[in-house]
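The values are calculated or read from the model by the stated rules, or taken from the named source; none is laboratory data. Everything numeric in this text was worked out from a predicted model, so none of it was measured. So basically every Cβ, Gly included, is an ideal-geometry build from the backbone, and we count neighbours across all protein chains shown.
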Amino acid sequence: MGSTEKYYITTPIYYPSDRLHIGHAYTTTIADSLARWHRFTGKDVLFLTGSDEHGQKIERAAASLGIRPKEYVDKIVGTFKDLWQKYNISYDDFVRTTDERHHRVVQEVFRRIYDKGDIYKGEYEGWYCTPCEAFWVENKLEDGNCPDCGRQVELIKEESYFFRLSKYADRLLQHIEEHPEFIQPESRRNEMVNFIKSGLEDLCVSRTTFDWGIPVPIDDQHVIYVWFDALTNYLTGAGFLQDDIAFTKYWPADLHLVGKEIIRFHTIIWPITLMALDLPLPKTIFGHGWLLFDHDKMSKSKGNVVDPVELANEYGVDAVRHFLLREISFGQDGNFSHRALIERINADLANDLGNLLHRSVAMIIRYRDGVIPQPHGLTDLERDLQQLAGSTAKDVGRTMDDLEVNAAISAIWRLIARANKYVDEAEPWVLNKTEQNDRLDTVLYHLAETLRIITLLIKSFLPETGEKMWVQLGIRKELDSCCLEDIAWGGLEPGTKVVKSDPIFPRIDLEEVLTKSQEGSHEVEEKQQVGGNEMDQAKTVGKPQISIEDFAKLDLRVAEITAAEPVSGADRLLKLQVTIGTEKRQIVAGIAQHYDPESLVGKHIVVVANLKPAKLRGELSEGMLLAASTTDSLGLITIDRDLPSGAQVK
């Protein structure tokens, strides 16, 4: 690449404790789109990802299976690379912390900081969260648990080496103040400033109670703390201590893209490490939000993890990429559901983009034997379309520079919407019928040229879609060889022959897919069974028939929730106080993972009022509320009229 301007972007290196879920694909797809866009603008891009393979959690997981840690991580890291290949992730380097090149860098970083006097030997006694691989002083714990993940911590005592984080606290605060772009978004920056001001403890950077890690270079009885090891991958990938020319070119990083749960490690431990090494700090560390499932964080224990491979197999890679990139305001939490995904596919990809491409190519074939004609005189319709095409490219560039990826996608879709409107306004079918040939030529050319520009804009986000569009437009120049300058209006040569093809995004029957999914996997849960806190997972069809007399045995009533609170010691249960007419009752329901207690007060729900009372976790439950649930969501059965509590449901 001839450009002297570089762009170095990184994802976190992912922990191989299990296969990756859709949240990991979200992070990496964003990074890939940014990398592709900056390559398109002519920059020399280095896009780094990898795997974080050391630590006590990995050692324990491998031991539980009776295999060596390296054998354990090799299999899982293989699934990482397969996933990134499937999602067309265009990374330039993949760093594994078990790589020999990385070992050398980590040990030299440790040695240099130790020689400077910023690492010293002592004894650690305190709290450690193995799942997060994080040390905590007692006043930072929440209810005695890890403040990051909420899980139980262990009290450990061992000889350790410590890194003088506290020495650099004021210098780090000054850097954050002078460089507001350093931590983004602003909410994360404010959070980290408050954390630093509350007091930094020196960091324990070695362990002796397990072996799966990089040995401390001055003391082989210790292994280096996993986060000190992991963060250094950003130096390894840039060529530190391996390729001076590459390192001089790419360092410092332009963007470290991380999830908000690991922002503290990246904005405190990492920059202080670089300060101790006298190396420049990264330009920006962006802590994006989580991709939630039914507004709840995904986790294997909750059974709500979405497999990105299955999702791509079912809907297509670009359909999933588009949802991730457009649906979520970058920096904020986003919510995933199959319904939202299908609705986005139908609205954006099938109705808007797919329809524009399909009917434009079809009209060129029908009216001009597939040959893109020479345009003639312009009207205001064409001038407006050309103006929007030019301003869209600028809008995409500006929003990508501001890391507003969803806004960039929205800008492209405004151009797509305008092109669809142009078809309806220009009415090429009327022009053909009335033999207004010059005018028809102009309209067909403008549709094809707009699609060419849309293809160039969209290829950084939906690479497979870009290739399919390029093929249908019949353009011989390789799409990957195109750059930002090619977006200028008029780049499409008249005489180019389009290629007929099937619609690139067929419309999906939403209800058919959801019904099939629910019935096939027994995911429809029609009612909340309070006794035993289980959901009835029978299919909506195939149950034994009942008579009207059987149904009449149920006393279904409207109840108003007057108070709600968690049940002590039960993660899934809420204790509800309800009124049914003039009667007050208590109902225990397994809905804590779906509703905040405060949001329930005042709701009018439907309950089975004549269910035999039962005790759950020592709490009396005097009825059963009704709810509908799939893997995507759970919703209480409510009424759509202002009826009083106690009203009969029949």
> For the stretch 423-430, does any single residue satisfy the condition of being free of Cβ contacts under 8 Å to residues at least 60 places away in the same chain, surrounded by fewer than 23 Cβ atoms within 10 Å (Cβ to Cβ) and either among the small types (Gly, Ala, Ser) or within 28 Å of Thr28 (Cβ to Cβ) (or both)?
Replying inline: yes
> How about the stretch 91-121: which of its residues are out of contact with any Lys or Arg (no Cβ under 6 Å at 6 or more places or on another chain) and assigned to a loop (DSSP other than H, G, I, E, B)?
Replying inline: Tyr91, Asp92, Thr97, Thr98, Asp99, Lys116, Gly117
>> Conditions first: (1) at pLDDT below 85; (2) assigned to a helix (DSSP H, G or I); (3) closer than 30 Å to Trp84 by Cβ. Cys149 passes all but one, so which condition is the exception?
In response: (2)
>> Considering only residues that are among the charged types (D, E, K, R), under 25 Å from Tyr367 (Cα atoms) and either outside any loop (DSSP other than H, G, I, E, B) or in contact (Cβ under 8 Å) with a residue 60 or more places away in the chain (or both), which ones fall in the stretch 468-492?
In response: Lys468
>> Condition first: polar (S, T, N, Q) and crowded, with 24+ Cβ neighbours inside 10 Å. Now tell me which residues in the stretch 215-244 satisfy that.
In response: Thr232, Asn233, Thr236
> In the list Arg617, Arg572, which residue meets the criterion of being touching a residue at least 12 places away in the same chain (Cβ under 8 Å), of a type in the set (Lys, Arg), touching a Leu at 6+ places or on another chain (Cβ under 7 Å) and farther than 21 Å from Lys650 by Cβ?
Replying inline: Arg617
> Which residues, taken from the stretch 7-26, are under 13 Å from the mean Cα position of the chain (by Cα), within 17 Å of Ile263 (Cβ to Cβ) and either small (Gly, Ala, Ser) or modelled with pLDDT under 95 (or both)?
Replying inline: Gly23, His24, Tyr26
> Considering Asp318, Asp278, which residue is surrounded by 23 or more Cβ atoms within 10 Å (Cβ to Cβ) and at pLDDT 90 or above?
Replying inline: Asp318
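Which of the residues belonging to the stretch 206-217 are among the hydrophobic types (A, V, I, L, M, F, W, C) and modelled with pLDDT of 95 or more? Talk me through it step by step, then tell me what you get.
So the first thing to find is which residues in the stretch 206-217 are among the hydrophobic types (A, V, I, L, M, F, W, C), and the list is 210, 212, 214, 216.
Hits for the stretch 206-217 are Ile214, Val216.
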>> Which residue is nearest to the chain's Cα centre (by Cα), if the candidates are limited to the stretch 590-610 and must be β-branched (Val, Ile, Thr) and part of a strand (DSSP E or B)?
In response: Ile605
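Conditions (1) β-branched (Val, Ile, Thr); (2) in contact (Cβ under 8 Å) with a residue 12 or more places away in the chain, marked per residue:
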{"residue": "Thr29", "(1), (2)": "yes, yes"}
{"residue": "Leu48", "(1), (2)": "no, yes"}
{"residue": "Glu71", "(1), (2)": "no, no"}
{"residue": "Phe80", "(1), (2)": "no, yes"}
{"residue": "Ile89", "(1), (2)": "yes, yes"}
{"residue": "Phe110", "(1), (2)": "no, yes"}
> Inside the stretch 566-589, can you point out the residues that are part of a loop (DSSP other than H, G, I, E, B) and under 20 Å from Thr638 (Cβ atoms)?
Replying inline: Gly581
>> Filter the stretch 1-48 down to the residues that are in a helix (DSSP H, G or I), of a type in the set (Phe, Trp, Tyr) and farther than 29 Å from Asp307 by Cα and list them by number.
In response: Phe40
>> Any residue in the stretch 232-249 that is over 10 Å from Tyr8 (Cβ atoms) sitting within a Cβ distance under 6 Å of a residue that is at pLDDT below 95 and exposed (fewer than 14 other Cβ atoms within 10 Å of the Cβ)? List the pairs, counting only those 6 or more apart or interchain.
In response: none
>> Considering only the stretch 33-47, I want to know if a residue exists there that is over 27 Å from Lys394 (Cβ atoms) and surrounded by 22 or more Cβ atoms within 10 Å (Cβ to Cβ).
In response: no
